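The values are calculated or read from the model by the stated rules, or taken from the named source; none is laboratory data. Predicted model only: the values in this text are computed from it and were never measured. Cβ placement follows ideal geometry from the backbone for every residue including glycine, while neighbour counts extend to all protein chains displayed. Please note that ligands, DNA and RNA were not included when accessible areas were found on the heavy atoms of the full protein model with its side chains. Shrake-Rupley method; radii C 1.70, N 1.55, O 1.52, S 1.80 Å.
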Amino acid sequence: MTFLDDVRRRFGDDDTQGDRHGGRTGESGAGLPDGAAGSFRFATGIECSYPMTQGGTDRRDQLAECGHYDRWREDLGLVHDLGLRTLRYGLPLHRIVGRDGARDWAFADDAMAEMRRLEIEPVLDLMHFGLPDAWGDYQNPELPVLFADYCAQVAARYPWVRCYTPVNEIYVTARNSGRDGLWNEQRRDDRSFVTALKHATAANILGIQAIARARPDCMIVQSETAECLHAATPVEPDHVRIANKLRFLSLDLLYANAPDAEMMLFLLDNGLTREEYAWFMAGEPPGYQVLGMDYYGRNERIVLPDGTTIAGEDVYGWHVIVREYYRRYRKPVFHTETNVFLPDAAPEWLWKQWINILAARDGGIPVLGFTWYSLTDQIDWDSQLAERNGTVIPCGLYDLDRKPRPVAAAYRQLLENFGRIGLMPHAELLTITDAPATLKVDV
């Protein structure tokens with residue numbers, strides 16, 4: 001006689017073996033996302049850049065150029081039908097804010113209502129590389145207060161929205177506007193770069209404060225570019241060392257992380273006052289802060305001995321670069337943008353990014369979400385929008401006729417296999433529910 005004989009007499013044959021009531025391997029995490037609390041977030045985005053170019057005479061509105069204003073309902077339907085529940089979505093700030101101070105919310109209201117109907121949670125992007133005509137450019141010291149007022153209006157108008165990216169890619173905005181001469185004020189000097197950087201960062205901070213007054217539980221997904229330069233020389237050139245420090249400045253000011261001595265002198269020499277520095281260092285902004293890390297293979301570059309650069313994608317890869325940012329800021333991470341310009345290579349790139357996410361999570365970095373950016377192909381990003389050539393960049397899940405590219409099927413496969421994994425191992429323990437335990441394998 002064994003203990004099993006007693007067990008069978010008491011309970012029968014079929015109700016006592018392991019894995020019956022939410023056992024350790026009861027759930028694999030497979031299945032399309034269901035929006036449950038504690039679940040990893042899979043997303044796409046609608047490309048919404050709108051910088052001024054050509055000396056302030058040409059507004060590059062990607063929502064118009066990619067057809068979203070005319071096909072917004074179809075686009076949101078594609079998001080829903082693919083199985084996604086989260087969408088990085090940018091309201092057209094430059095169209096909502098008029099020169100006379102009036103606000104035109106008609107398009108935004110329609111799109112937001114449709115997202116709510118489809119149960120798509122937006123990560124609402126409030127400034128994406130450009131400003132309304134009435135606000136001038138990033139050299140304008142009034143920008144932080146103007147933007148804070150706008151953020152307060154958005155939060156009051158859409159109280160059901162919790163997740164925001166107030167100012168997208170602050171560092172890229174400041175660099176391309178004030179240092180590289182591509183957008184908006186199109187300047188090419190360090191003082192203009194620092195001015196744009198401090199104004200955009202201050203606008204972001206005040207915007208978060210305005211949002212938090214309406215939504216104290218707001219989640220701020222601060223999208224920034226994950227970059228790295230590699231020197232193929234025995235001695236690292238000064239410009240490579242400096243570039244690898246400049247990339248942190250927006251986040252240092254945002255999160256009250258003191259820059260090193262070299263960057264501190266750079267900021268003070270180029271217009272940041274001691275009083276402004278003290279204001280930035282007073283403390284972090286409110287809300288739940290998430291570090292959004294955008295990564296394209298072209299973000300990683302190798303500087304050759306003759307000074308030229310070549311692509312360096314995957315020398316480190318997303319998870320290695322992000323580890324550096326995570327150790328610096330200690331914030332949970334969201335992979336907020338990626339794509340590749342070659343449609344046939346996109347499925348492979350998608351899976352490589354996913355393996356990067358798994359590697360980061362396995363290494364102890366809390367990665368909360370992943371985004372293929374964007375839903376549709378884009379226009380003229382081979383010149384960073386500086387030239388109006390009408391070049392279609394085939395980087396979307398769908399082409400501009402809204403026909404799926406190969407990466408759409410790959411993303412659907414990814415969702416079907418990983419769509420219900422937790423934010424972190426055992427995150428399901430934190431969900432308050434009357435349902436039985438649904439423990440998951442660690443992913």
The chain - Rg over Rh from alpha carbon coordinates, Kirkwood radius: 1.01
Amide H contacts under 5 Å for V333, placed H, 5+ residues apart: L291, V367, L368
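Using a 1.4 Å probe and counting only protein heavy atoms, arrange I310, I355, I302 so the residue with the most accessible area comes first. Don't skip to the answer; put the middle values down first.
On the way: I310 75, I355 100, I302 40 Å².
These residues rank, largest area first, as I355, I310, I302.
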Selected from E275, E185, E47 as most flexible by GNM, with the chain as the system and alpha-carbon contacts under 10 Å: E275
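Please sort 413-419, 30-36, 160-166 by packing, taking for each peptide the average over its residues of neighbouring beta carbons within 10 angstrom, highest first. Before the final figure, lay out the partial values.
Details: 413-419: 17.3, 30-36: 14.3, 160-166: 22.3.
Listed from highest to lowest mean packing, they are 160-166, 413-419, 30-36.
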Cα-centred dipole magnitude for segment 341-413, charges only on beta-carbon of K, R (+1) and D, E (-1), debye, nearest 20: 300 debye
Within the chain, helix-based [θ] at 222 nm, where runs of 4 or more DSSP H residues each add -39,500 (n - 2.57), nearest 500: -11000 deg cm²/dmol
R402 accessible area, assembled protein chains, probe 1.4 Å, Å²: 20 Å²
Listed residue (A134, T431, G297) projecting farthest to the positive dipole end of the chain, Cβ model: T431
Whole-Å semi-axes of the ellipsoid equivalent to segment 170-312 (Cα gyration tensor, √5λ, descending): 28, 18, 14
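How much length is gained on full extension from D81 to T308, taking 0.36 nm per residue of separation minus their Cα-Cα distance?
77.3 nm
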For segment 75-145 versus segment 26-55, the gap between their alpha-carbon centres in whole angstrom: 16 Å
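So what is the accessible area of segment 21-116 per residue, in Å², with the probe set to 1.4 Å?
Numbers: 3710 Å² over 96 residues.
The answer is 39 Å² per residue.
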All aspartates and glutamates inside 19 Å of K331 as judged from Cα atoms, apart from same-chain residues fewer than 8 positions distant: E169, D217, E224, E227, D252, E284, D294, D362
For segment 64-169: span of alpha carbons on each principal axis (Å, largest first): 43, 28, 26
Theoretical gain in end-to-end length, E119 to R9 [0.36 nm per residue, Cα-Cα removed]: 34.7 nm
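Mean Kyte-Doolittle of at least 1.6 plus a Cα span of 27 Å or more along the axis: flag which DSSP H helices in the chain meet both, please.
Flagged H segments: there are none.
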Built amide H within the under 5 Å cut-off of D125, gap 5+: Y89, G90, L91, T165
Efficiency of FRET between R298 and D434 - r from beta-carbon atoms, R0 41 angstrom, step 0.05: 0.25
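For segment 248-297, which whole-number percentage of the solvent-accessible area (1.4 Å probe, protein heavy atoms only) is attributable to carbon and sulfur atoms? Let's see the in-between values first.
Values: 1100 of 2010 Å².
Percent of accessible area from carbon and sulfur atoms in segment 248-297: 55.
Just the ratio, please: alpha-carbon radius of gyration of segment 285-443 over 2.2 N^0.38 Å, N its number of residues. Don't skip to the end; give the middle numbers.
Values: Rg = 18.0 Å, N = 159, 2.2 N^0.38 = 15.1 Å.
The value comes to 1.19.
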